[in-house]
Amino acid sequence: MRKVEGLAIKYVGYNEPKTEEEADLEILGLESAIATARHRIAVLKQSVYLQLLAEKSKTEEPADEEIVKETPDIEKAEQEG
């Protein structure tokens, strides 16, 4: 197993909100970070599912296997975009 990395999801907000508007912005930032985390979880689950499916089916179509191998690249493109 490879060495794990410390990862973080960044969001916009205040460390110590002082006004209602600052608190609202902090909440919106946190909700956005939660949505980002949920999206990442869904992408990982889909990748694992596709890998398991590929291992079980051992398709004869090389194009199908390429789709499964390209899934992590799609995830990286979404993160960069």
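Bear in mind these aren't lab numbers, they're just calculated from the coordinates by the rules spelled out. Please read all numbers here as calculations on a predicted model, not as lab measurements. No Cβ is skipped: glycine too gets one built from the backbone with ideal geometry, and neighbour counts run over all protein chains shown.
Could you list all residues from region 1-33 that are surrounded by fewer than 10 Cβ atoms within 10 Å (Cβ to Cβ) and among the hydroxyl-bearing types (Ser, Thr, Tyr)?
So the first thing to find is which residues in region 1-33 are surrounded by fewer than 10 Cβ atoms within 10 Å (Cβ to Cβ), and the list is 1-8, 10, 15-16, 18-20.
Once the filter is applied, which keeps residues that are surrounded by fewer than 10 Cβ atoms within 10 Å (Cβ to Cβ) and among the hydroxyl-bearing types (Ser, Thr, Tyr), region 1-33 yields only Thr19.
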Item to complete: Note down all Cβ pairs under 7 Å where the first residue falls in region 24-47 and is in contact (Cβ under 8 Å) with a residue 12 or more places away in the chain, the second is surrounded by 13 or more Cβ atoms within 10 Å (Cβ to Cβ) and of a type in the set (S, T, N, Q), and they're at least six residues apart or on different chains.
Response: Ser47/Thr71
